[in-house]
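Okay, structure first, notes after.
Values in this text are rule-based calculations from the coordinates and carry no lab data. Predicted, not measured: the structure shown is a model, and the values here were computed from it. Glycine also receives a Cβ, built like all others from the backbone with ideal geometry; neighbour counts cover every protein chain displayed.
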Amino acid sequence: MIVNALAFLLTLGVLITIHEYGHYRVAVACGVRVMRFSIGFGRVLWRRQATPESTEFVLCALPLGGYVKMLDEREGPVAGDELNRSFNRKSLWQRTAIVAAGPVANLLLAVVLYAAANWIGVDEPKALMGPPVAGSLAESAGLLAGDWAREASSDGSDWHELRSMTDLRWELTQAVVRGEPLHLMVTDREGHARRDVVLGLDTLVGSELDAKAMLRIGLGNPLSEPVLGEVKAGSPGAQAGLRSGDRVLRIDDAVVTDGAMVRARIRASGRDGSAHTMHWRVERAGQTLDIVVTPAVVKDGVQPIGRIGVFPGQPFEMVNVRYGVVEGFTQAVTQTWQVSALTLKMLGKMVIGQASLKNLTGPLTIADVAGQSMRLGLAYYLGLLAVVSIGLGVLNLLPLPVLDGGHLMYYLFEGVTGRPVSELWLERLQRGGVAIMLMMMSLALYNDVARLLGLQ
């Protein structure tokens, strides 16, 4: 919990500072007097101001935002000798640049963060398929346990290399949002027998890649070899004669291809509350053995399940995904563009009802994910920072009156008509924008709480 809180504060602090610095830097470049640069709202915890005429930098108690206060005749009287430093006296293009600088700074930050993560490199699961879910799109497409996904394409002609399972899931996400099929070039584990399979993702109902959609697609975790790990002394598995290193070949009448399949069979054996004998065939030191295993029945919450005191399945095969200097930077630009476009598409689909509003997330989810990524390592955390920075940049470009995008819409109106939006309409639009933002924040917080309580 403490790690999550610290990761959340660090994440917000970095992203808000960069966003507001974008506004501040361009305002100063355009000759506008910046009176205050604030990170957070409410009671001031720290203040620094070199001279009475310079910018006051403050850190406040509520770290859920920030602002840059500029000299402006609409907010109070301005001395005659400083009128030329007032924001409202600047040209249309200068005001536009100042307002747009915050979201642009977030998008540029995402490029830098992605590039750094690409240069550092991360260990990710290899794109080796586990057994597809029965009746799923993956099974219909002909994917098999042990297939290695090497490339992906939306049209079967323009192929993209898949370096890891993370790349594959990203391609799945984009194809689901676009409502298009996904072509996969797969081989066996040794890289032979190439073939093209097509996942019919265009048949999915809905546009979010949630748990139900993933089950329908049928691509679960990567392949986990069905080799037994530690066998606890005195456990049902030990009593049956199972040993660490045994490779499971069959359980009852089913051929075993993956550790997850072994775990699922063990759990299912106790679902009716009674112990059921299982007939296993294992390979040990080149010999095939038949072993009778009777799992113990335990409660997982309120659901009875089977347990044998053995962990079946080896760790996923990992690959190090790392890019060179130039390739890492160009990949970062591509990632930023793709995530920005995907974010806009998802927001649009939520507005028109084609995607669930459950996709909105708030501070609790960000804190949880930030904590997890921080535990995984620097590159993972930088990647998360990039995603959240893109989200902040894209959100602020939306044409809502309280956001930067709303002000840009005002300037577009001014540029087309030659006159600014009237004060009456500014007040009305501001109230409407505040109401919309409060609804979005409330819904995001509700989704966060529902996820934490397991209701979503």
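At a 10 Å Cβ-Cβ cut-off, how would you order Met185, Met35, Met439, Met129, fewest neighbours first?
Details: Met185 19, Met35 16, Met439 10, Met129 26.
With the sparsest Cβ surroundings first, the list reads Met439, Met35, Met185, Met129.
In plain terms, the residue of Val387, Val231 with the fewest other Cβ atoms within 10 Å comes first and the most crowded comes last, giving Val387, Val231. Spatially close Lys pairs in the chain, defined by Cα atoms under 30 Å apart and a spacing of eight or more places or different chains, total 12. Axis angle, to the nearest 10 degrees, between helix 325-351 and the longest C-alpha principal axis of the chain: 80 degrees. Seen from Arg322, the other residues with C-beta closer than 11 Å to its C-beta sum to a net charge of -2, counting Lys and Arg as +1 and Asp and Glu as -1. Report, to the nearest 10°, how far helix 2-29 tilts away from the longest principal axis of the Cα atoms in the chain, using its own Cα long axis and a range of 0 to 90°. Once rounded, the angle reads 30 degrees.
Report D for the stretch 267-337 in µm² per second (integer): Stokes-Einstein, Kirkwood Rh on Cα pairs, 20 °C, 1.002 mPa s. Before the final figure, lay out the partial values.
Details: Rh = 16.6 Å.
In µm²/s, the coefficient rounds to 129.
Going through [x] 25.0; [y] 25.8; [z] 22.1, the figure that equals Kirkwood radius over Cα pairs in Å as computed for the structure here is [y].
Which net charge results when you count Lys and Arg as +1 and Asp and Glu as -1 among the other residues whose beta-carbon is under 12 Å from that of Leu223?
On the way: positive: Lys126, Arg189; negative: Asp147, Asp188, Glu225, Asp258, Glu317.
So the environment of Leu223 carries a net charge of -3.
By the count of neighbouring beta-carbon atoms within 10 Å, fewest first, Tyr24, Tyr410, Tyr114, Tyr67 end up ordered Tyr67, Tyr410, Tyr24, Tyr114.
Taking a sphere under 14 Å around the Cβ of Ile305 and counting the other residues whose Cβ falls inside, with K and R at +1 and D and E at -1, yields a net charge of +4.
Between Ala341 and Leu215, the modelled labels are 3.2 nm apart [label points 7 Å from Cα along Cα→Cβ].
Normalised by the empirical 2.2 N^0.38 Å for globular proteins, what value does the Cα Rg of the stretch 228-312 take?
Values: Rg = 12.1 Å, N = 85, 2.2 N^0.38 = 11.9 Å.
Dividing the Cα radius of gyration by 2.2 N^0.38 Å gives 1.01.
Only helical runs count toward this figure. For the chain, summing -39,500 (n - 2.57) over DSSP H runs of n ≥ 4 and dividing by all residues gives -15000 deg cm²/dmol at 222 nm.
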